[in-house]
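All remarks here apply to the structure that follows.
Values in this text are rule-based calculations from the coordinates and carry no lab data. Since this is a predicted model, take the numbers as computed values, not measurements. Heads up, the Cβs are rebuilt from the backbone with ideal geometry, glycines too, and the neighbour counts pull from every protein chain shown.
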Amino acid sequence: GFCTVNIEAIMAEYLRHTYGLQKIAIVDTDVHHCDGTQDIFYHDPDTLFISFHQDGRTLYPGTGFMEEMGSPNAFGSTINIPLPPGTGDEGLHYVLDNLILPMLADFEPEVI
């Protein structure tokens, strides 16, 4: 990705080691798919990683497809929601209300 230091991953591990938190959710809202964070937590069933971003077929880094759902021991802990270029507020609110918020409620994270 574009980031040299993954602050989301650092914070998640800090919260685990310092406060004993187990279930952590990360919601990435960047136009680009957050491939680095996905790679870090792809095998972690205790971290729900949700990314909604512009479709990877139309924008760098070309990743973040719906079928990328986590490794076998963490299947379903990675959620990619690729959106068409130009998706506006109405589309983003729909995704939040009908997909992301229910997924977060089901996962019951200790922190988002």
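All Cα-Cα separations within the chain were binned at 10 Å from zero, giving a P(r) of 14, 47, 33, 6, 0, each value a whole percent of the pairs. For the chain, a crude dipole built from +1 on the beta carbon of Lys and Arg and -1 on the beta carbon of Asp and Glu, taken about the Cα centre, is about 140 debye to the nearest 20.
Of the options 104, 31, 75, report the single residue whose Cα projects farthest towards the positive end of the charge dipole of the chain (beta-carbon charges: Lys, Arg +1; Asp, Glu -1). Looking along the dipole axis, the top candidate is 75. Under 5 Å from the amide H of residue 53 lie the amide H atoms of 81, 83, each residue being 5 or more positions distant or on a separate chain, with H modelled from the backbone and absent for Pro and chain starts.
Antiparallel as a % of all DSSP beta bridges within the range 7-107, to the nearest 5? Kindly include the intermediate steps, with their values, before the conclusion.
On the way: 0 of 11 bridges.
Taking every DSSP beta bridge with both residues in the range 7-107, the antiparallel ones total about 0 percent.
With each run of n ≥ 4 DSSP H residues scored as -39500 (n - 2.57), what mean residue ellipticity at 222 nm is computed for the chain after dividing by its residue count and rounding to the nearest 500 deg cm²/dmol? Before the final figure, lay out each step's value.
On the way: 4 runs with 34 residues, N = 112.
That calculation yields -8500 deg cm²/dmol at 222 nm.
Between the helical axis of 7-19 and the longest alpha-carbon principal axis of the chain there is an angle of about 20 degrees. For residue 78, the residues 5 or more places off, or on other chains, whose built amide H falls under 5 Å of its own are 49, 70.
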